[in-house]
1. Please list, by residue number, every one of the chymotrypsin sites (Phe, Trp or Tyr not before Pro) in the stretch 27-84 that is coil in DSSP and has at most 12 other beta-carbon atoms within 10 Å.
2. Whole-Hz ³J(HN,Hα) for each residue in the stretch 68-79, computed from phi via Karplus 6.51 cos²θ - 1.76 cosθ + 1.60 with θ = phi - 60°, x for glycine and proline: what do you get?
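What follows draws every value from the coordinates through simple rules; no lab data is involved. It should be emphasised that the depicted structure is a prediction, and the values quoted were computed from it without experimental measurement. No Cβ is skipped: glycine too gets one built from the backbone with ideal geometry, and neighbour counts run over all protein chains shown.
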Amino acid sequence: MNRNFRSLVVLALLALALHAATFAQDFSPMVRAHIPFPFYAGAKSLPPGDYTLAINRQTRNVAIFEYDKGIGVFLLGSPSDASINGVALLTFQRNSEGVYALQKVQGPDIGVNFPASETSSLRADGRPVNDVQVIVAQVMR
């Protein structure tokens, strides 16, 4: 009975490992950038710091994390144009609160847009905020 139980546990663990492998996503390439101002990534406010962005090319999901502070966020993106000159760029737009929000990640063979809420880029009077910051990032292979 004890042997059958061990075999069942081993089989269950193997099935669980294979099941998890089917859901694993390849988050490459990664880009690293120093972002010198606080910003929103999705609905989460993040402080200035050195961030790594891991991008899944198939799903356009992006993991953004800052190792030293132990913070991060996971974003769902949509396809966008890749950079045409091979440089990785992070585009931020100032929102109505005066804080920048991550709008786009571009790089060699990478193009991800993050939809902004309808009011996030509008001033109190309804006019659009046109203040954009572009940060050059380092592609990590």
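1. Answer by residue number: Tyr67.
2. Along the stretch 68-79, the couplings run 4, 8, x, 10, x, 8, 10, 10, 9, x, 10, x Hz.
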